[in-house]
Structure formats: structure tokens, C-alpha cells
Amino acid sequence: MTKKKILLLENIHPGAKNRLEANGFQVQLETISFADDELVAKAKGFQAIGIRSKTQITKSVLAQLPDIEAVGCFCIGTDQVDLDFANEIGLPVFNAPYSNTRSVAELVLCEMIALSRHLADRTMQMHKGQWQKSADGANEVRGKTLGIIGYGHIGSQLSVIAESLGVHVIYYDVVKKLPLGNARVCETLHECLAQSDFISLHVPDTSLTQGMMGESEIKCMKAGSYLINASRGKVVDIPALARALKSKHLSGAAIDVFPVEPASNKEPFISEIQELENVILTPHIGGSTIEAQEAIGQEVAESFTRYFYSGATTGAVNFPQVDVAMPRDYPRILNIHRNVPGVLGEVNGIISALKGNIVAQHLSTDARLGYLAIDLGVSDPQEVAKRISALPTSIRTRVVSERK
Ligand code: NAI
């Protein structure tokens, strides 16, 4: 069997290449990104392309690359890909939303301790030649209460590692979540805010979370407590936070994400909370570690592997989700089709006419696409696939069998 070819751009962690090669792919790794015609020329003849945030995979680029069967964003965001057009032509786009979970949780834990000891101010003073030895306002985190808002991947991971330092954890989430360890759920946001020495935000950016930490919520926080935001910039009302810091209602804050962030490292950063006491500011680096880059490489490499060998689209951001293991004893036909009435009947009619036995069948749909995986007992799966492929509703059809 000829190897599928994968082009990885933008200096994706080499672990991804190693894993894909070990899984039987031919991989070309490039350190930079390409645009438009140059990108098309570079990616011709490849079956998958892996990018980070710089490469723009536009409709025009995709239209000129008919061999591409999958796109991998080796990062969190997928705005750089025309997801709608990719869906229209039956192309799943994968990303790695959770590979940097641990990195964010570790940064928050570090910031809890740093805020408690006023480290940002102490180190700034030392750099300016000022020796300010004092225990005023400095506390251990042991025995304090951390309130986590959003008990998802990051929030729940933070919960576990904070408890290992003797921190009491309470949390609030709009979805019912199982408490880990000794963590305790709060019924309302205000209940969580009022009881916590530290509040750490781990919610997504939605219409409900934008501005969710406004004037009244910040006022509801315990006097002398700390606010940490490494989620999304619009969640916190920054002018309200600045007022609470200036009035000393809050003892400090650590902010990694901002409502408006510079588009590149060359642009300046301006915020109302610059120069305030005990405020740690970081340039959206919560998830930026070598380990997270490596984990992202592994996660997307695994998504490519599963898609090409089993057809699984689990985690694809623009595609019907079919979660299937590697085919074992039977070949599998994978068919992406227009989601119109009657397709399944026609496909099964073809299988029946060729005396095939359907061992397992998985169908998932979205507004535009249907994605079908059929494990088939039949003497000539290629013939079945050829006939299914000829249906006017079919977009892409292929056969996979057990990986050797
Ligand atoms: P997740 O989707 O696993 O968890 C989010 C949780 O928030 C869910 O449990 C959800 O039910 C809950 N939630 C949603 N709306 C809520 C509301 N109004 N009130 C309370 N809870 C609510 O997401 P994950 O991976 O834990 O990420 C959390 C945030 O961290 C996201 O905004 C993500 O963009 C951000 N992030 C930031 C990074 C950085 O570099 N600073 C890196 C990675 C993620």
C-alpha cells in the first residue's frame, strides 16, 4: 500500500513527525508557513496538511488541492481555516484543544503562590535596587480556599493539584460536574465568590461569560482576596477590576488574557491595570510550554492516524462525529455524502445487490453532511465502494482495512 503523505508546516513539534512516521505515513516537515500559490504548490500531492496559526487555508487554497483529505491545526484556534468550505467538500479539520490543560493549571498554581507573597512587586523592587524585607500581607496558600469558576478540563485539573498543596477547593459550573478529591460544588456563582480567598476563571468565551466578572461580582468577592484570569479576556470587566485593586478591596490579580490583545510581539500592550500593586500580567502564555507543544503534536498526529486508518472523526471541529475503533476482521467503507433523504437506503441497496453482509454501520450527520462507516462482509469491497462513490450524493468514498 502506498503511504499517505502529510505536510507539516510552521515548525510543528518533531514528535508529531516521529509519531506519524511510526504509524506508516510519509511526512515532510517545514519550519515556515506559506501563502496562497506557494502553499498550493507546496501541498500538491499530499493527503493531509498540518499547520499552526499563521497558515491561511482559504477556500481558494482548498479548491486547488483535491488530494487533501484532512487538515490538522496543531494549536487551539481554527479560524485560519475556512471551516465551512472544508465541511462542504467533506474535509475534517482537527485541532488540539486540551493538550495544554496542565500548563495552564500549573501557571495558575504558581500565580496563587506569587500573589500571596507579592512576588511581582518584590522582584521589581529588587531589580530597581530596593531591599524591602517584610512579612506584611504575605501568606501561605495552605489552608486557603480556591474558588474555581468553570470546572472543565483546566478547572478540574487545577482542583486536583491545588488540593495537593493543602488548598480547599470549591467550584461553580453551569453544568453539573462531579467533584474531584475533596472539592465542593457551589450552587451559585455568588456563593463561590463570597467564600474564596482566590478566584480562578476557567470558562469559555460565550455570550453568557462575557463580562461575567463585572462590578457587582468583584464586589461580592471576599475583601483581600485575589482574582486570576487565564481563560478568555472578555470574561473580566477590566475597569471594574482596576477600581477594586486601587481601593484595595482585592489584594491582587494575575491576568493572562485581555479583551484586546496585541496581534503580534511587535505591537505595544496597554491596560488600565498596568503599574498597579501586586498585579501579575502575562502575554497569554497560560498554555505556552514545550510540553504542551509536544502534546499538541501527539494529539493531532493521533487524530490523523485514526482518521486515515479507521475513519474516526472524533474531535473534528467541522464534521459529523463518528467514533470507531480500527477495523478488525472486515474491511470498512467510509462514505461522506450530502445529507439528503434516501442515501442510506440507496447505499444499503448496493450492498444488498452485491450480497454483502453489514457487520456494523455508523452514521452521523450535520446540517449539510452525512458520514457513514460500514464494516462489511463481502468478497469485493472495492466494487461496493466504487458503486457507492458513483451515487450523485457521494462526496468522498474510501475503503480501509486493519493496519498492518
Ligand atoms: P472546558 O470546555 O473543558 O471547560 C469550561 C467549563 O466552563 C465547562 O465545564 C463549562 O460547563 C463551564 N462553563 C461554561 N459557561 C459557564 C458559566 N457561565 N459559568 C460557569 N461555568 C461555565 O474548557 P477548558 O479547556 O478548561 O478551558 C477553559 C478556558 O481556558 C477557555 O476559555 C480556554 O479558551 C482557555 N484557555 C486559555 C489558555 C491560555 O493560554 N491562557 C490555554 C488554554 C485554554
| task | Keeping all protein chains in place, calculate the accessible area per residue for the chain (probe 1.4 angstrom), answer in Å². | result | 49
| task | Please arrange Asp37, Asp121, Asp67 by accessible surface area, largest first, computed with a 1.4 Å probe and ligands excluded. | result | Asp37, Asp67, Asp121
| request: Please report, as a whole percent, how much of the solvent-accessible surface of the chain comes from carbon and sulfur atoms (probe radius 1.4 Å). | output: 52
| request: Just the Kirkwood number for the chain, please: inverse of mean 1/r across all distinct Cα pairs, in Å, one decimal. | output: 24.0
| task | Of the listed pairs Lys144/Lys222; Lys42/Lys386; Lys59/Lys386; Lys219/Lys248, which have alpha-carbon separations greater than 21 Å here? | result | Lys42/Lys386; Lys59/Lys386
| remark: Relative to the chain, whose Cα atoms define the longest principal axis, helix 290-310 and its Cα axis are tilted in degrees, nearest 10, by 20
| remark: For segment 148-202, the convex hull over Cα atoms projects on average to an area in nm² of 3.3
| request: Note the angle between two axes, namely the Cα long axis of helix 153-163 and the longest principal axis of the Cα atoms of the chain, as a number of degrees from 0 to 90, rounded to the nearest 10. | output: 40
| Hey, which aspartates and glutamates would be in cross-link range of Lys234, C-alpha to C-alpha under 17 Å, not counting anything within fewer than 8 residues on its own chain? | Asp205, Glu215, Glu217, Asp256, Glu261, Glu272
| task | Write down the Kirkwood hydrodynamic radius of segment 7-122, to one decimal in angstroms, obtained as one divided by the mean of 1/r over all alpha carbon pairs. | result | 15.9
| Using only helices, what value at 222 nm comes out for the chain when you add -39,500 (n - 2.57) per DSSP H run of length 4 or more and divide by the total residues, to the nearest 500 deg cm²/dmol? | -9000 deg cm²/dmol
| Which value, in debye to the nearest 20, gives the size of the charge dipole of the chain about its Cα centre, when Lys and Arg are +1 and Asp and Glu are -1 at the Cβ? | 640
| C-alpha long axis of helix 343-353 to longest principal axis of the chain, angle in ° | 40
| task | Rounding to the nearest 20 debye, state how big the charge dipole of segment 321-404 is about its Cα centre with +1 on each Lys and Arg Cβ and -1 on each Asp and Glu Cβ. | result | 220
| request: Along each of the three principal axes of the Cα atoms of segment 165-312, give the extent in whole Å, ordering the values from largest to smallest. | output: 59, 44, 33
| message | Only Cα pairs within less than 10 Å get springs; with that Gaussian network setup on the chain, which residue of Gly90, Gly45, Gly345 has the largest fluctuation? | response | Gly345
| remark: Its Cα gyration tensor gives segment 54-213 an equivalent ellipsoid whose semi-axes in whole Å, largest first, are 40, 22, 13
| Considering every Cα-Cα pair within segment 321-404, what fraction, in whole percent, is farther apart than 15 Å? | 51
| remark: Of 122-131, 380-389, ordering from highest average Cβ density within 10 Å down gives 380-389, 122-131
| query | Hey, in the GNM for the chain with a 10 angstrom Cα cutoff, which one of Glu275, Glu302, Glu267 fluctuates hardest? | reply | Glu267
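The values are calculated or read from the model by the stated rules, or taken from the named source; none is laboratory data. As the structure is a computational prediction, the values presented were derived from the model and not from experiment. Positions of Cβ are backbone-derived with ideal geometry, glycine not excepted, and every protein chain shown enters the neighbour counts. Quick note on the areas: whole protein, heavy atoms, side chains included, nothing else; ligands and nucleic acids left out. Shrake-Rupley method; radii C 1.70, N 1.55, O 1.52, S 1.80 Å.
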